[in-house]
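The values are calculated or read from the model by the stated rules, or taken from the named source; none is laboratory data. Small disclaimer: the values here were computed from a predicted structure and weren't measured. Cβ placement follows ideal geometry from the backbone for every residue including glycine, while neighbour counts extend to all protein chains displayed. Each accessible area value is taken on the protein alone, full model and side chains, heavy atoms only, with ligands, DNA and RNA left out. Shrake-Rupley method; radii C 1.70, N 1.55, O 1.52, S 1.80 Å.
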Amino acid sequence: MALSGLDIFKLLPKTNCGDCGVPTCMAFAMKLAQKKAELSECPHASEEAKATLGAASEPPIRLVKIGKDHPLEVGSETVMFRHEKTFFHQTGIAIQLRTSEGESTLEQKIREIEEYKVERVGEQLEPDLFLITHDSPEKDIFLKTIELVIENSTKGIILDCAEYETLKAGASLLKDSHASILLKKTVTDEWIDLAKNYNCSLILTSESYEDLATQVEKTKQAGVQNILLNITSKNTGLQIQQNTILRRSALKKAFKPFGYPLFNQINTESEFDMFATAAALLCKYESIVALHEYNRALLYALLTLRQNIYTDPQKPIQVDPKVYPIGEPTPESPVFVTTNFSLTYFIVSGEIENSGISAHLVVCDTEGQSVLTAWAAGKFVGETIAKFIKTINLEQQVTTRKIIIPGFVSQISGDLEESLPGWEVIVGSQEASDIPSLVKSLSLT
Amino acid sequence: MNFEIPKEVNTGKIIEVSIGATPEQGGTRSHTVTIGGSTALPFHFFEGEHPHRPLIAMEVFDKISNKYPSSLLDYYGDVIQKPGEMAQKCVDEYGAELISVRLEGTHPEKGNKSADEAAEIVKQVLESVSVPLIITGHSHYDKNNEVMKKVCEVTAGENCLISYVEKDNYKTIAAACIAYSHTLVTQTPIDVNLAKQLNILLTEMSFPPEKIVMDPLTGALGYGIEYTYSIMERIRNDALAGDKMMAFPMLVNPGYESFRVKETRAPEQDYPDWGNVELRGAYWEIATAMSLLVAGADLLIMYHPQAVATVKKKVEEMFDGRGGD
Ligand code: B12
Ligand code: SF4
């Protein structure tokens, strides 16, 4: 909750000593309210002032980082619905490694998951974390698995092990890696100390709100601030409900014990069911979901959903409007035209590449809208395209006078020809995937 | 530690809409289905009622689109050419709760089948299954009007869900729905204001509100789903805040939209990072369906049998035995 300048002034010594660099306490209070100064600049501030102002400047949901080199950041959300502003930190995807799977399987899995990266709309998508669950009777394999992950991967780690000594040995291997500890029973002092000593965050688990809040208070007072909440429930409907209640309490009621990111480990038998649950929870406030199975198709679909839900609704992902060379075009190479919606651009440029020719791809400024959307809004019509081609001086750069437009806007070809004297407008395929066969049929190669 | 669950009380309620008609009601269906009635956001059982759970319909065709993926053809084989038999398979084997008959083949550029042919196909499906029907048309206004008028007439009294009308083309079909007792879908392109406007236009012609279902227009996963998702959340929030012109159940098309996009068809050998194409199709549709479900979908038309089974089981689980008819 933001405090006004006057609220802050009431907490200051009111001596106007000037040690903070401004002449009066009031002036300093105004600077604080505008976040142009920090309370520590006043050497005389009382403990009460520090406590109150400190709490007021904390975000309603804490930002927690897991991992060392490229840590996953979760939390720090400010709205219930993405259309109210945006969701800031996308759901982290953790993949479970069970020590009972045995060393060779685990090693292969770690490599496979580490290698899995897929590009979509110019962004690289990949899972973020490993959840290491110790369910083998042998102690050593837990440590071995942690070592394997450290050796083969830069992803963050969540430790899930019920035996204190084993966990401690594991955590010591990860001292400054900002690992996280998944605690499935009520938190006690020794676990808190362990998290503190090894600089880990703690995932607190409970099926009851009251108990969860009590555990959070205890953990916080004992000095561990990096907390995640794992409220468990018996089905996905209730999980959505509980997640909503936690998020709403933090944002709308300023209920501090629930001002932390949420974690959920999905335990279902079927891969399909697990996927459906993950998809729903990713939309409804889960900061981390842990999966017990994976395959490429599953990851690709889930990562795409995450990319979609976590884009900023105010700005569609777009590329710069200009001419993009595909391959090594010469002045005679054909010209294709499309919009600057990223999705459209990446699909179309990819398919022109697939067709094996070199070309000039003119990407018009449609404020990030797709072909039909932009056409319906009057931003991708004969006149606007011709104007864009004139502004970028395309006619001076190429000698070809053939321009290929998307099939979905065949109706603009007449207008475009009129606005671009000397050019032959060719109506292309509707789908970009048909560009390779279009190129063949037009003998452009 | 004390904790009080923060509840939000809504003044609005989603209108309950029934589809289908039994012999006593003038139709031939073995039962009717009802959607809507919610007084809270999806799955918020703690602060409102959800008397009916979302339903899953499956779709049959008068003409197979050339985009129809082979991974789905494997499930249906020849039956795909026979809408009646396909409908039966969808209901008996895959658990479809309604059947949508898509009449795309009547589009002048996609087969130009006649209104009479379309009517025959719809009658065939009516005879093959006893669940309520959805009739899905296209956006060629003149032809669609002609086809839908005919179909409404030959199914008089069945209370089919006629999908869909748009802002520039609603009068003829709406009139046919009133004359022959059907329910109607209003479709608008991902826009809150347009959605509201169209519903107002309909009610101004005395179209009964309990016969309207709205289609906010589905963008598939990776192809605009985030827009559909947020528009649906906004519509549902407005409805629950008391806006009666937004308070209709919502229909979405995860099947049709997902199986048009490349990601559900491209072979794994061309895109190794995308994984197995058969699985990918199912996942793509499940992701589309699940996200729209949490955004407020009441009726989902789906394609992949595995996706249908997964989402239906999930919905039942999420309702924890509650509701559903
Ligand atoms: C998401 C979406 C939106 C989003 C915008 C997304 C964006 N950033 O553009 C929002 C919600 C904002 C929106 C708004 C509108 N929309 Co809209 N929208 C869609 C939706 C669902 C998906 C569009 C999309 O992302 N497609 C994916 C991209 C990749 O497709 P694409 O750009 O066309 O590219 C493909 C091809 O064209 C081809 N291609 C592209 N370039 C080239 C180049 C060459 C040379 C070749 C050969 C091929 C080629 O390759 C691509 C892949 O195959 C479609 C319906 C649908 N399911 O398709 C409606 C749709 C496009 N929208 C429509 C309308 C009417 C509108 C609005 C006017 C409605 C309104 N609210 O007033 C507004 C206009 C915006 C405005 N007023 O500013 C209509 C257009 C009607 C028509 N047939 O003309 C559609 C078709 C929906 C419908 N059936 O009514 N929309
Ligand atoms: S240093 Fe502190 S007490 Fe002195 S003027 Fe600044 S705010 Fe007031």
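If you average the sequence gap of Cα pairs under 8 Å that are 6 or more apart and divide by the length of segment B:222-279, what percent do you get for the contact order? Rounded, it is 16 percent for segment B:222-279. Taking all protein chains into account, the per residue accessible area for the protein assembly as shown stands at 40 Å² (1.4 Å probe). Annotation for segment A:366-445: chymotrypsin sites (Phe, Trp or Tyr not before Pro) lying in DSSP loop with at most 12 further Cβ atoms inside 10 Å of their Cβ do not exist.
Put the Cα centre of segment A:242-304 next to the Cα centre of segment B:135-171 and the gap is 41 Å.
Modelled this way, with points 7 Å down the Cα-to-C-beta line, the labels at A:Ile426 and B:Phe46 are 6.1 nm from one another. Between the amide H of A:Gln265 and those of A:Ala290, distances stay under 5 Å, these residues lying 5 or more places away or on another chain, with hydrogens modeled in the peptide plane.
For a Förster distance of 56 Å, can you work out the FRET efficiency between the beta-carbons of A:Ile150 and B:Ala156, rounded to the nearest 0.05?
Working: r = 71 Å, r/R0 = 1.27.
Efficiency, from the Cβ-Cβ distance: 0.20.
Per-residue Karplus couplings for segment A:424-436, computed as 6.51 cos²θ - 1.76 cosθ + 1.60 with θ equal to phi - 60°, are listed in order as 9, 8, 10, 7, x, 6, 6, 8, 4, 4, 8, 4, x Hz, Gly and Pro entered as x.
Determine the dipole magnitude for segment B:41-319: charges of +1 sit on the beta-carbon of Lys and Arg, -1 on that of Asp and Glu, nothing else is charged, the reference point is the Cα centre, and the result goes in debye to the nearest 20. Don't skip to the answer; put the middle values down first.
Working: 26 positive and 40 negative charges, 63 e Å.
Charge dipole of segment B:41-319: 300 debye, to the nearest 20.
Rg and Dmax over the alpha-carbon atoms of chain A stand at 28.1, 85 Å.
Taken along the Cα-to-beta-carbon direction at a fixed 7 Å, the label points for A:Glu367 and A:Glu165 span 6.7 nm. At a threshold of 20 Å², the residues of segment A:69-88 that become less accessible to a 1.4 Å probe in the full protein assembly than in their chain on its own are A:Phe81, A:Arg82, A:His83.
Using a 10 angstrom cutoff on alpha carbons, build the Gaussian network for chain B and name the most mobile of B:Asp168, B:Asp62, B:Asp243. Largest GNM mean-square fluctuation: B:Asp168. What is the Cα centroid distance between segment A:306-363 and segment A:54-91, reported in whole angstrom? First find each Cα centre; the distance between them is then 32 Å.
Run the numbers on chain A and let me know its relative contact order in percent, using alpha-carbon pairs under 8 Å that are six or more apart.
Values: 809 pairs, mean separation 51.2, N = 445.
Value for chain A: 12 percent.
Can you grab the distance from the C-alpha centre of segment A:1-25 to the C-alpha centre of segment A:176-196, Å, no decimals? That distance is 39 Å. As a size descriptor, the averaged projected area of the C-alpha convex hull of segment B:96-149 was calculated at 3.6 nm².
Looking at the calculated P(r) for segment B:181-325, what percent of the C-alpha pair distances fall above 19 Å? Before the final figure, lay out the partial values.
Working: 5770 of 10440 pairs.
Looking at segment B:181-325, the distances longer than 19 Å represent 55 percent of pairs.
Between A:Pro325, A:Pro127, A:Pro421, the Gaussian network model of chain A with springs among Cα atoms under 10 angstrom shows the greatest mean-square fluctuation at A:Pro421. Look at the dipole of segment A:246-385 built from charges on Cβ: of A:Ala301, A:Val323, A:Ile288, the Cα furthest out on the positive end belongs to A:Ile288. Within the same chain, lysines fewer than 8 places from A:Lys315 are excluded, and of the rest, those with a Cα less than 22 Å from its Cα are A:Lys85, A:Lys284, A:Lys379.
In this entry, the protein assembly as shown is assigned a mean projected area of 38.1 nm², taken as a quarter of its C-alpha convex hull surface. When the protein assembly as shown is described by a simple charge dipole with +1 on each Lys and Arg Cβ and -1 on each Asp and Glu Cβ, the residue from B:Thr172, B:Gly27, B:Met148 located farthest towards its positive end is B:Thr172. Note that segment A:148-159 has calculated 3J(HN,Hα) couplings of 4, 5, 4, 5, 9, 8, 9, 6, x, 10, 10, 9 Hz, one per residue in order, obtained from phi through the Karplus relation 6.51 cos²θ - 1.76 cosθ + 1.60 (θ = phi - 60°); glycine and proline are x.
Can you give me the % of accessible surface on segment B:41-319 that is carbon or sulfur? Probe 1.4 Å, all protein chains present, nothing else counted. Show your work: numbers first, answer last.
Numbers: 4250 of 9200 Å².
Accessible surface attributable to carbon and sulfur in segment B:41-319 totals 46 percent.
Picking from A:Tyr164, A:Ile389, B:Phe61, whose Cα lies most toward the positive end of the charge dipole for the protein assembly as shown (charges on Cβ: Lys, Arg +1; Asp, Glu -1)? In the protein assembly as shown, that residue is A:Ile389. Put simply, chains A and B cover up around 4700 Å² of each other's accessible surface, both sides summed, when a 1.4 Å probe is used.
Measuring nothing but how far apart in sequence close Cα pairs (under 8 Å, 6+ apart) lie, relative to its length, segment B:41-319 scores a relative contact order of 20 percent. With a 1.4 Å probe on protein heavy atoms only, tell me which residues of segment B:202-245 lose at least 30 Å² of accessible surface in the complex relative to the chain by itself. The answer is B:Leu221, B:Gly222, B:Tyr223, B:Glu226, B:Tyr227, B:Tyr229, B:Ser230, B:Glu233, B:Arg234, B:Asn237 - residues whose exposure falls by at least 30 Å² when every protein chain is included.
Accessible-area loss of 40 Å² or more (1.4 Å probe, protein heavy atoms, chain alone versus all protein chains) is found in segment A:297-311 for A:Ala297, A:Tyr300, A:Ala301, A:Leu305, A:Asn308. Counting protein heavy atoms only, chain A has 49 percent of its accessible area on carbon and sulfur, 1.4 angstrom probe. Put a plus charge on the Cβ of each Lys and Arg, a minus charge on the Cβ of each Asp and Glu, and nothing anywhere else: the dipole of the protein assembly as shown about its Cα centre is then about 1740 debye. Backbone geometry of segment A:104-120 corresponds, through the Karplus equation with coefficients 6.51, -1.76 and 1.60 at θ = phi - 60°, to 3J(HN,Hα) couplings of 6, 4, 5, 4, 5, 4, 4, 4, 4, 6, 4, 6, 6, 9, 9, 9, 9 Hz, x marking Gly and Pro.
For the residue pairs A:Lys139/A:Lys185; A:Lys184/A:Lys220; A:Lys68/B:Lys262, the C-alpha atoms sit more than 26 angstrom apart in A:Lys68/B:Lys262. Modelled label positions at B:Asp74 and A:Glu84, each set 7 Å beyond Cα in the direction of Cβ, lie 4.5 nm from each other. Any idea what log10 I(q)/I(0) is at q = 0.11, 0.12, 0.13, 0.20 Å⁻¹ for segment A:210-321, Debye with uniform C-alpha scatterers and no solvent? Evaluating at q = 0.11, 0.12, 0.13, 0.20 Å⁻¹ gives log10 I(q)/I(0) of -0.44, -0.52, -0.60, -1.09. Among A:Lys36, A:Lys220, A:Lys50, determine the one that fluctuates most according to a GNM of chain A built with springs between C-alpha atoms less than 10 Å apart. Greatest mean-square fluctuation among the candidates belongs to A:Lys36.
What ranking do A:64-75, B:180-191 get when scored by the average of other Cβ atoms within 10 Å per residue, highest first?
Working: A:64-75: 19.4, B:180-191: 21.3.
Taking the mean over residues of other Cβ atoms within 10 Å, the ranking is B:180-191, A:64-75.
Length gained on full extension, A:Asn199 to A:Ser4: 66.7 nm, using 0.36 nm per residue less the C-alpha separation.
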